[in-house]
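Engineer: What follows is a single structure, and I will ask about it in a moment.
The values are calculated or read from the model by the stated rules, or taken from the named source; none is laboratory data. Source: prediction; values computed, not measured. Every residue, glycine as well, gets a Cβ built from its backbone with ideal geometry; the counts of neighbours run over all protein chains shown.
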Amino acid sequence: MTNTPQQDSTHQDPMHGVTLKMIVTQLEEKYGWEELGKRINIKCLTNDPSISSSLKFLRRTPWAREKVEKLYLQTDWNTTTKNVWPKDWKG
């Protein structure tokens, strides 16, 4: 099914349909907690981080959520960062 121009114009928000849980999970999978904490220096990402504790904090803290959403939007999802070695590489 293709989108009609009318459908496209109603959903111009790039975050439409994306939940905070999806954002945090995908960022953690791409960068890992250590790199994520370096990119966004907030305690929920640097001090014993987990998906649930991060979500709890981000839902109550608009400025932190904005930073996470900004990184999500700026991330190049076509490349991998966490695992840069080929699967068959034996180092």
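Engineer: Cβ-Cβ below 9 Å, separation at least six or inter-chain, first residue in the stretch 62-73 and among the β-branched types (Val, Ile, Thr), second in a helix (DSSP H, G or I): which pairs?
Structural biologist: Val68/Leu20; Val68/Ile23; Val68/Val24; Val68/Leu27; Val68/Leu36; Val68/Leu45; Val68/Ser54; Val68/Leu58
Engineer: Quick one: would you say Thr4 is polar (S, T, N, Q), under 18 Å from Gln74 (Cα atoms) and either at pLDDT 95 or above or surrounded by fewer than 11 Cβ atoms within 10 Å (Cβ to Cβ) (or both)?
Structural biologist: Working: polar (S, T, N, Q): yes; under 18 Å from Gln74 (Cα atoms): no; either at pLDDT 95 or above or surrounded by fewer than 11 Cβ atoms within 10 Å (Cβ to Cβ) (or both): yes.
Criteria not met by Thr4.
Engineer: Taking into account only those residues within the stretch 57-77 that are of a type in the set (D, E, K, R) and either in a helix (DSSP H, G or I) or modelled with pLDDT of 95 or more (or both), which is nearest to Met15 (Cα to Cα)?
Structural biologist: Our first condition is that a residue be of a type in the set (D, E, K, R); within the stretch 57-77, this holds for 59-60, 65-67, 69-70, 76.
Next, only the ones that are either in a helix (DSSP H, G or I) or modelled with pLDDT of 95 or more (or both) stay: 59-60, 65-67, 69-70.
Numbers: Arg59: 15, Arg60: 19, Arg65: 13, Glu66: 12, Lys67: 14, Glu69: 8, Lys70: 10 Å.
Going through the qualifying residues, I end up with Glu69.
Engineer: Out of the residues in the stretch 7-56 meeting the condition of being acidic (Asp, Glu) and assigned to a loop (DSSP other than H, G, I, E, B), tell me which one is modelled with the lowest pLDDT.
Structural biologist: Taking the stretch 7-56 first, the residues acidic (Asp, Glu) are 8, 13, 28-29, 34-35, 48.
Add one more test, that the residue is assigned to a loop (DSSP other than H, G, I, E, B), and what stays is 13, 48.
On the way: Asp13: 81, Asp48: 94.
Checking each candidate, the answer is Asp13.
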